[in-house]
Every structure is written in structure tokens, then in C-alpha cells.
Amino acid sequence: MNWDFSGQTIAVIGDHNLDIDYVGSYSGLMSREHESLAVFESLPENVRYSGGGAANIVEALVDIEADTIPVGIWDTHTQRSRMLAHRFNEKSISHDGMVSGLSTPAFIKFYRPSGAHVFRANIASEPMTKEVEDRLIAKIQGLAGVADLVIVADYDETGNGVITMPVREAIRKYLSCPKIGLSRERADKLYEYDYLILNQMEIRKATRGRAIDGIKQYAIDLWGLVRPKNIIITLEGEGAVLYQTGKQGCFSKLHENMIESVPLTTQIDTCGCGDAFVALFAACIARGDDVEQAIKAGNAAGRAQARKLCGAHNITIDEVKREWQELYQLTDTL
């Protein structure tokens, strides 16, 4: 396995959010406003800010030294957007693809020091405006001939978000490079992508519950809606399953290939595992690796991320290598 991911440029278009992770405990104090409500308390040094949603994929790509362009919306006059911009600056991530106009959404999570996830709260996306949308589309048009691969990362669950219908149309119209799509709620709007990467809940939402006969039938139904070239369904610690059409392009006779992982038996945190999978998978595909090899790299990255508690963290190439060796080194050298 070649772990050098330089040389290709990957654009990440989508909902670039801020993750805010609080690590602490219930202090014994009760709320003055609601006397039956216990107060969760974190020390300042135990509050962590990092890229969330599409921005987490960007950070993962940059951490493996892939050339990366984030494309999305923020407003650096607001605190959360400034925090995300600062995070990008710390990692020398270009702002050139970002459009000013809407404040950055946030995923906020609360953890005990043990890593137990107590609860979470979201700061939702603002509605898109036509003027901001037009400027974003101009950025997408500018990626033509620059990006070797595009990740379309739709993380919105509120009906707003960056990946609007005109934005999807601009991606289709202007960008001919390979496209990887992922969506929390609207994968059935990502037409004719090269790869759709979804977990089991996301593909059930995309098919509106029409499939009743298991994962393969979900894949068949989704192909009938949006005709992707490949569908990859991640199965948490078990690995991922790849669905591809046969020679006649008939997805009812699709080829199913399970690329297995091995679940960890220690305490894990699944936050960020899907983003890590997507980042390594995309970096492999961008440089021309075969899809099975790319999924194995994604499995290793997700496993490395799962070992890190209290939210999504940076993962290094060395950490991914160690997981790869544990999972696949023996079989790949036989």
C-alpha cells in the first residue's frame, strides 16, 4: 500500500460545520432556573473546537497530506465561523473556496472523562440566500480543471444547508471529474455520481423505507432512484459492502462485495469514523487505486478514529498504517 497522497487535488463541497466538544461531569450543582436540572461542567482546557461535517473531512485529508480545497459558506464576522477559520489557518488550509454569507452551524457534544457520550445539541444551518448561492456556484465553476475529484458532503438535517438544488445542478454541469456523494437526508438527490457512501440509516432514509429485504435491496432501490456507478454502505466495525452493476448495467443483478474489518473490543467512539473513511477512500480513488483497496484504507481510517474518545480527532498516517497492517497486511502479501 502506498501512503503518499500528494499530487491530486480533492475539493470538498458541503456543510462545513464547527465541532464543539465538552469533556466534564455533573458537578453536584443544580440549575438556579430549574432546580431539578443538574449542571454539567467542563474546565476551559477540556473544551475542544474542530472542523465538523464537511470540514472534518477536509481536516482528515490535510492530515494525510492530500491537497484539499474546502468549498462552502461561512461568515467570519461571527464567532463560530472565526473559530473554523482559525482551525483552517492552523492547518494551512486555503480559504479560497469559501464564500462569506451565512454563519457556521455547530455540532455540540458533551462527554464524561471516561468517553461516555452524555448528550448533544446542534446549532442549525441558516437558510440559503440567492446572492450567496450564486457566489458559491461561481466557486464551483472555478473548480473545473482544478479538482481531480470532488466530495459532495451534505450534512444538513434541517432542510437548509449548502447542497441546494441549484448547487447540485452546478456540480453536475461544471465538474466532469469523479464525484463522491454523501448525505444525511438526501442521497436520493445525488444523481449519477461515481460513488455514493452511506451508512445503513442514511440509505434507509434515501429509499424512504421502500426496501424491505435487507441491505442489498436498499442498494437496488437507491440505484433505481439516482443511478450511481457504485454504492458503498459502511457497516461500522464490520467493514463496508460495495455494490456495482453487472456488465449490462442492470442493478437488479448487482455484484456485492463485502470488504471486512474487525470490530474493536475496547471502548470506542464512532464520532468522525465515517468522515475518516471518506477521506482515505477519496484520496485512494483520486490517485487511481482500485475501489476495493480504497475501501480497505477507509476501513483502517475509521478504525483508527474509533479508538479516540470524546469526539472526532485528528488521525495520522501512522495510525492508519497500523490498523491496515492489523486488518490486511497478511492477506495482501499472500
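The values are calculated or read from the model by the stated rules, or taken from the named source; none is laboratory data. Just so it is clear, the structure is predicted and the values come from calculations on it, not from any experiment. Quick reminder, even Gly has a Cβ in these numbers, built from the backbone with ideal geometry, and neighbours come from all protein chains shown.
Remarks
- Restricting attention to the stretch 2-23, the residues that are part of a strand (DSSP E or B) and not hydrophobic (A, V, I, L, M, F, W, C) total 7.
- Selection of the stretch 136-164 for residues being of a type in the set (A, V, I, L, M, F, W, C), surrounded by fewer than 19 Cβ atoms within 10 Å (Cβ to Cβ) and farther than 22 Å from SER103 by Cβ yields ALA144, VAL146.
- Test result for ALA85, in contact with a helix residue (DSSP H, G or I) (Cβ under 8 Å, 6 or more places away or on another chain) and either more than 20 Å from LEU175 (Cβ to Cβ) or of a type in the set (D, E, K, R) (or both): no
- Helices (runs of 4 or more DSSP H) lying entirely in the stretch 110-229 (those with 3 or more residues that are out of contact with any helix residue (DSSP H, G or I) (no Cβ under 6 Å at 6 or more places or on another chain) and in contact (Cβ under 8 Å) with a residue 40 or more places away in the chain): 130-141
- The listed residue being at pLDDT 95 or above and farther than 21 Å from LEU309 by Cβ, out of ILE108, ILE57, ILE69: ILE69
Here is a yes/no grid of residues against (1) closer than 30 Å to SER176 by Cβ; (2) buried (at least 17 other Cβ atoms within 10 Å of the Cβ); (3) at pLDDT below 90; (4) charged (D, E, K, R):
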position: ILE197; (1), (2), (3), (4): yes, yes, no, no
position: ARG210; (1), (2), (3), (4): no, no, yes, yes
position: ASP213; (1), (2), (3), (4): no, no, yes, yes
position: ILE220; (1), (2), (3), (4): yes, yes, yes, no
position: ARG227; (1), (2), (3), (4): yes, no, no, yes
position: GLY239; (1), (2), (3), (4): no, yes, no, no
position: THR245; (1), (2), (3), (4): yes, yes, yes, no
position: GLY249; (1), (2), (3), (4): yes, no, yes, no
position: SER252; (1), (2), (3), (4): yes, no, yes, no
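- Unmet criterion (only one of (1) under 17 Å from ASP19 (Cβ atoms); (2) modelled with pLDDT of 95 or more; (3) among the aromatic types (Phe, Trp, Tyr)) for PHE119: (2)
- Flag if SER31 is touching a Leu at 6+ places or on another chain (Cβ under 6 Å) and farther than 27 Å from ILE197 by Cβ: yes
- Test: LEU61 is within 19 Å of GLN8 (Cα to Cα) and in contact with a helix residue (DSSP H, G or I) (Cβ under 6 Å, 6 or more places away or on another chain): yes
- The condition (being buried (at least 21 other Cβ atoms within 10 Å of the Cβ), in contact with a Lys or Arg (Cβ under 8 Å, 6 or more places away or on another chain), in contact (Cβ under 8 Å) with a residue 24 or more places away in the chain and among the hydrophobic types (A, V, I, L, M, F, W, C)) is satisfied by just one residue among ALA276, ALA297, ALA304: ALA304.
- Scan the stretch 216-245 for residues that are in contact with a Leu (Cβ under 8 Å, 6 or more places away or on another chain) and of a type in the set (Lys, Arg) and the total you get is 1.
To keep it simple, each residue is scored yes or no on (1) over 23 Å from GLU59 (Cα atoms); (2) in a strand (DSSP E or B); (3) among the hydroxyl-bearing types (Ser, Thr, Tyr); (4) touching a residue at least 60 places away in the same chain (Cβ under 8 Å).
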{"site": "MET258", "(1), (2), (3), (4)": "yes, yes, no, no"}
{"site": "LEU280", "(1), (2), (3), (4)": "no, no, no, yes"}
{"site": "LEU309", "(1), (2), (3), (4)": "no, no, no, yes"}
{"site": "ILE315", "(1), (2), (3), (4)": "no, no, no, yes"}
{"site": "GLU326", "(1), (2), (3), (4)": "yes, no, no, yes"}
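- Residue that is surrounded by the most Cβ atoms within 10 Å (Cβ to Cβ) [pool: residues in the stretch 91-109 that are of a type in the set (Ser, Thr, Tyr) and part of a loop (DSSP other than H, G, I, E, B)]: THR104
- Looking only at residues of the stretch 26-49 that are of a type in the set (S, T, N, Q) and exposed (fewer than 13 other Cβ atoms within 10 Å of the Cβ), we find that the one that is farthest from TYR111 (Cα to Cα) is SER36.
- Boolean, ASN56 is surrounded by 15 or more Cβ atoms within 10 Å (Cβ to Cβ), assigned to a strand (DSSP E or B) and touching a Gly at 6+ places or on another chain (Cβ under 9 Å): no
- Scanning the stretch 64-82 for residues that are touching a helix residue (DSSP H, G or I) at 6+ places or on another chain (Cβ under 8 Å) and touching a residue at least 60 places away in the same chain (Cβ under 8 Å) yields ILE64, GLU65, ALA66, VAL71, GLY72, ILE73.
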